[in-house]
């Protein structure tokens, strides 16, 4: 009798085990990889980073059940270059034309998803992968596309793509004998927003946090509240993704990385080298491999992610990857600063959106390099005579249209809020220095104060030493090449520049004498977002 009972119990155990692991080999020794990439979401918008008016319980769950990084940075805050750094494991200034926004991605670069696929992983993405821009190969650098399933979004500004159902479709379709690597890229909180959507969510404007670089008025608060609605939608998608893994018994053998490609789409933030744009929310969960609730203060950059994923998958990082794996920090039992050498980060930008010109030359960059330490942010603006957010005649095109932008750009000198316009859109000196402990919103430039002269010299020397080692063309005196790399939105460029227009490919070939940036034959740009 006892023997029959034990046999029955054992049979039931096996049945439950295989039902829960309906993937056949759900308990792969190699970890699955899930990257959850938000679009234009600031670090301070997440609950675990201190948000008081936006609720993000699912993002917070990943942090509480894993590790929260307080010093994670993109190295070029705009969609295309930021995501390129993440996928290639290379610094932005090492990516040739992919350092610019909306480029032709060079065929030479390798991406961690394709490298994992070659090693036996199933790969895919939903929502927004790498882009906007064009690329070589059969699929987006983030993986094979799963975007067939759509839904009716709750508000006009939210994407119709059903991220969670498309992730489910991937999990169902994939070869369950293989571990998987999936990119879960929402389009939120990219603009445009449904105006006053916050009212339908019964949001209280008095609870909205207004940064020091904005005037505190109802229009700005409403714009920030509408943004918060989209951040909360993004967070609900995270919850659905976690539920998909849980029901399949895959949660604890999946490395889950949740972050965003840059900060919120507001003046002084998106596309600008100030802390809120490049200092990102970054949390990682990996079952019992990571002690829950750890807080890591090591400085990590987006180029460090690809080699970390490769190492976690049991592979050597590709030779092209110049970032440094932080797997040791993930698996450590300690909190705080695990590696004392990870004490600063380098950030930079070249051309972002069109709308900046220099004499007869169109589509030029506003080049910046910066170094961020625990206390200070030092920025060097290489072309301070140019407009940092685009020329006024092109409506400051490197800033997304919004109620906040419209308010600021309508101000005139002498208006009580005019200083806020200057902070976001005015020209900048060659050097900027901010004390982030006292001034986290980067509004008080200390660079002209002589007491900081030695500090600026020290920070600039450290930054330039690293950039020279990384063979940054800008620091080697060859940075103008970034202004000549073509952008692929020719019709928009014609419309924007009108009589100033010239074919950027022809100009590049004329200046540099060889066709080093061909467009992939028959390309189609699927992602038209900025």
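The values are calculated or read from the model by the stated rules, or taken from the named source; none is laboratory data. All values derive from a computational prediction rather than experimental measurement. Heads up, the Cβs are rebuilt from the backbone with ideal geometry, glycines too, and the neighbour counts pull from every protein chain shown.
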Q: Inspect all residues belonging to the stretch 230-237 and state whether any of them is without any contact (Cβ under 8 Å) to a residue 40 or more places away in the chain, surrounded by 15 or more Cβ atoms within 10 Å (Cβ to Cβ) and farther than 19 Å from residue 124 by Cβ.
A: no
Q.
With the requirement that a residue be surrounded by fewer than 19 Cβ atoms within 10 Å (Cβ to Cβ) and more than 20 Å from residue 431 (Cβ to Cβ), what does the stretch 339-354 give you?
A. 339, 340, 341, 343
(Q) Consider the stretch 341-362. How many of its residues are more than 18 Å from residue 478 (Cβ to Cβ) and more than 19 Å from the chain's Cα centre (by Cα)? (A) 10
Q | Boolean, residue 289 is at pLDDT 95 or above, on the phi < 0 side of the Ramachandran plot and either in contact with a strand residue (DSSP E or B) (Cβ under 9 Å, 6 or more places away or on another chain) or surrounded by fewer than 24 Cβ atoms within 10 Å (Cβ to Cβ) (or both) | A | yes
Q: Look through 335, 365, 357 and report the one residue that is surrounded by fewer than 21 Cβ atoms within 10 Å (Cβ to Cβ) and either in the same structural domain as residue 433 (by TED's automatic domain parsing) or in contact (Cβ under 8 Å) with a residue 60 or more places away in the chain (or both).
A: 357
Q. Is one or more of the residues making up the stretch 183-194 without any contact (Cβ under 8 Å) to a residue 60 or more places away in the chain, more than 25 Å from the chain's Cα centre (by Cα) and assigned by TED's automatic domain parsing to the domain that holds residue 41?
A. no
Q. So residue 104 clears everything in (1) more than 28 Å from residue 492 (Cα to Cα); (2) in contact with a helix residue (DSSP H, G or I) (Cβ under 7 Å, 6 or more places away or on another chain); (3) surrounded by fewer than 24 Cβ atoms within 10 Å (Cβ to Cβ) except one condition, right? Which one?
A. (1)
Q) Would the stretch 394-414 turn up any residue that is at pLDDT 95 or above, under 30 Å from residue 454 (Cα atoms) and in the same structural domain as residue 479 (by TED's automatic domain parsing)? A) no
Q: Name the one entry in 26, 9 that is assigned to a loop (DSSP other than H, G, I, E, B), out of contact with any strand residue (DSSP E or B) (no Cβ under 6 Å at 6 or more places or on another chain) and at pLDDT below 95.
A: 26
Q) Within the stretch 86-98, can you find the residues that are under 12 Å from residue 470 (Cβ atoms) and in a helix (DSSP H, G or I)? A) 92, 93, 94
Q: Would you check which residues across the stretch 145-161 are in contact with a strand residue (DSSP E or B) (Cβ under 8 Å, 6 or more places away or on another chain) and either within 30 Å of residue 354 (Cα to Cα) or crowded, with 22+ Cβ neighbours inside 10 Å (or both) and list them?
A: 145, 146, 147, 159, 160, 161
Q) Where residues in the stretch 120-144 are touching a helix residue (DSSP H, G or I) at 6+ places or on another chain (Cβ under 9 Å) and surrounded by fewer than 18 Cβ atoms within 10 Å (Cβ to Cβ), which of them is modelled with the highest pLDDT? A) 139
Q: Return the residue satisfying two criteria in turn: it lies in the stretch 157-179 and is more than 23 Å from the chain's Cα centre (by Cα) and in a loop (DSSP other than H, G, I, E, B), and of such residues it is farthest from residue 230 (Cα to Cα).
A: 177
Q: Take residue 419 and decide whether it is assigned to a loop (DSSP other than H, G, I, E, B), at pLDDT 95 or above and within 29 Å of residue 41 (Cβ to Cβ).
A: no
Q. Does residue 107 satisfy being touching a residue at least 12 places away in the same chain (Cβ under 8 Å) and assigned to a helix (DSSP H, G or I)?
A. no
Q) Of all the residues that make up the stretch 464-479, how many are crowded, with 17+ Cβ neighbours inside 10 Å and under 21 Å from residue 517 (Cα atoms)? A) 4
Q) Counting residues that are more than 26 Å from residue 347 (Cβ to Cβ) and either out of contact with any helix residue (DSSP H, G or I) (no Cβ under 6 Å at 6 or more places or on another chain) or modelled with pLDDT of 95 or more (or both), which helices (runs of 4 or more DSSP H) fully inside the stretch 464-530 reach at least 1? A) 490-497, 504-512
Q: Output the residues belonging to the stretch 371-426 that are surrounded by fewer than 16 Cβ atoms within 10 Å (Cβ to Cβ), touching a strand residue (DSSP E or B) at 6+ places or on another chain (Cβ under 9 Å) and closer than 16 Å to residue 444 by Cα.
A: 375
